[in-house]
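The structure appears right after this line, and notes come after that.
The numbers here are math on the coordinates, done by the rules we state, and not lab data. All figures in this text were calculated on a predicted structure; none of them were measured in a lab. Note that we place each Cβ from the backbone using ideal geometry, even for glycine, and neighbour counts take in every protein chain shown.
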Amino acid sequence: MGIVWFGTGYYVRDDQLIIKIGPVTHSKISLSKITKISKSNSWISSPANSLKRLEIKSGNSVLVLISPKDQEKFMTTINKINPKIEFKVE
């Protein structure tokens, strides 16, 4: 019940993607380590409030699935900081 009350959020600060669940920081991911972001409808448990998700990878490893409200804006922001990230949004 508390997670619903406080919500889930994704923030970009400096070279970090910060994932918060309620008032707690769930994880911090260095944007320089991200190699690929792709759209996903995976049901795997994750800090995502929707099935319209983005899968964030480093090499062949999935780091996290997230569901920002405005995926395009989120990807544009990330791309400005690390243009080496491959985006697969089809």
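Any chance you could count how many residues in the range 18-42 are out of contact with any His (no Cβ under 9 Å at 6 or more places or on another chain) and over 12 Å from Val64 (Cβ atoms)?
12
Within the range 24-47, does at least one residue satisfy the condition of being among the charged types (D, E, K, R) and without any contact (Cβ under 8 Å) to a residue 12 or more places away in the chain?
Of all residues in the range 24-47, those among the charged types (D, E, K, R) come to 28, 33, 36, 39.
The next check asks that each one be without any contact (Cβ under 8 Å) to a residue 12 or more places away in the chain; those that pass are none.
No, there is no match, as no residue in the range 24-47 is among the charged types (D, E, K, R) and without any contact (Cβ under 8 Å) to a residue 12 or more places away in the chain.
Just one of the numbered conditions (1) assigned to a loop (DSSP other than H, G, I, E, B); (2) within 19 Å of Gly7 (Cβ to Cβ) is not true of Glu90; which one?
Glu90 satisfies all of (1) assigned to a loop (DSSP other than H, G, I, E, B); (2) within 19 Å of Gly7 (Cβ to Cβ) except (2).
What's the total number of residues in the range 54-70 that are assigned to a loop (DSSP other than H, G, I, E, B) and over 10 Å from the mean Cα position of the chain (by Cα)?
So the count comes out to 4.
Look through the range 71-87, keep the residues that are in contact with a helix residue (DSSP H, G or I) (Cβ under 9 Å, 6 or more places away or on another chain) and part of a loop (DSSP other than H, G, I, E, B), and return whichever of them is surrounded by the fewest Cβ atoms within 10 Å (Cβ to Cβ).
Step one: of the range 71-87, the residues in contact with a helix residue (DSSP H, G or I) (Cβ under 9 Å, 6 or more places away or on another chain) are 78, 81-82, 84-85, 87.
Within this subset, residues satisfying the condition of being part of a loop (DSSP other than H, G, I, E, B) are 82, 84-85.
On the way: Asn82: 15, Lys84: 9, Ile85: 17.
Restricting to residues being in contact with a helix residue (DSSP H, G or I) (Cβ under 9 Å, 6 or more places away or on another chain) and part of a loop (DSSP other than H, G, I, E, B), the top hit is Lys84.
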